[in-house]
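This is the structure, below, for whatever I ask next.
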Amino acid sequence: MKAKQLRTLAELVTVVVLVFFAWIALRAPRQTTEHYQLDRGRIVYDGTVFKNKFSGQGKLRLKNGDLYQGRFKQGRFDGAGTFKSHQGWQFAGHFKNGQVTGHGKLTTKKQQVYRGEFVNGIFKQAKKSQD
């Protein structure tokens, strides 16, 4: 009789352990707000993280003074954002998979402005305004 009770208890404990680990493995990942310092502080990120990747709104600062502030997806610039270079130029507009792609405004160090469509970082054409 005691062996049967011991087996039943062992089976119950096994089921509880399996349910616990299944819950951990299958629970929905959550987006959190984090502060990271990477590469000995040369890269600083403040913003949202999903599945251990920059995802959502955030700010990325590099030791050289470069700054990106905007949307991230899967660890890359993706969506509306602004990149300010330590060399004096900046881009405000749309990014896709880490590349300048879509409508935006590039301002050079000498304050020359390019507005229009960009594809993979290349200025394609000025968007015609309808006056």
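The values are calculated or read from the model by the stated rules, or taken from the named source; none is laboratory data. Just so it is clear, the structure is predicted and the values come from calculations on it, not from any experiment. Every residue, glycine as well, gets a Cβ built from its backbone with ideal geometry; the counts of neighbours run over all protein chains shown.
Determine whether Arg71 is part of a strand (DSSP E or B) and out of contact with any Phe, Trp or Tyr (no Cβ under 9 Å at 6 or more places or on another chain).
Numbers: part of a strand (DSSP E or B): yes; out of contact with any Phe, Trp or Tyr (no Cβ under 9 Å at 6 or more places or on another chain): no.
Taking the combined requirement at face value, the residue does not satisfy it.
Right, something else. How about the range 16-61: which of its residues are charged (D, E, K, R) and part of a strand (DSSP E or B)?
Filtering the range 16-61 for residues charged (D, E, K, R) gives 27, 30, 34, 39-40, 42, 46, 51, 53, 59, 61.
If the condition is that a residue be charged (D, E, K, R) and part of a strand (DSSP E or B), then Glu34, Asp46, Lys53, Lys59, Arg61 are the ones that fit.
Of all residues being under 19 Å from the mean Cα position of the chain (by Cα) and among the polar types (S, T, N, Q) in the range 86-128, which is farthest from Gly56 (Cα to Cα)? Just the residue, please.
Ranking the qualifying residues of the range 86-128, first place goes to Asn120.
Looking at the range 11-26 only, could you name the residues that are exposed (fewer than 10 other Cβ atoms within 10 Å of the Cβ) and over 42 Å from the mean Cα position of the chain (by Cα)?
Scanning the range 11-26 gives no hits.
Considering the range 27-57 alone, what residues qualify as being among the aromatic types (Phe, Trp, Tyr) and surrounded by 14 or more Cβ atoms within 10 Å (Cβ to Cβ)? Even if it seems obvious, please write down each step before you answer.
Start the filter on the range 27-57 by keeping residues that are among the aromatic types (Phe, Trp, Tyr), which leaves 36, 45, 50, 54.
Within the range 27-57, Tyr45, Phe50, Phe54 meet the criteria.
Please work out if Gly88 is modelled with pLDDT of 95 or more, out of contact with any Leu (no Cβ under 9 Å at 6 or more places or on another chain) and surrounded by fewer than 16 Cβ atoms within 10 Å (Cβ to Cβ). Even if it seems obvious, please write down each step before you answer.
On the way: modelled with pLDDT of 95 or more: yes; out of contact with any Leu (no Cβ under 9 Å at 6 or more places or on another chain): yes; surrounded by fewer than 16 Cβ atoms within 10 Å (Cβ to Cβ): yes.
Answer is yes for this residue.
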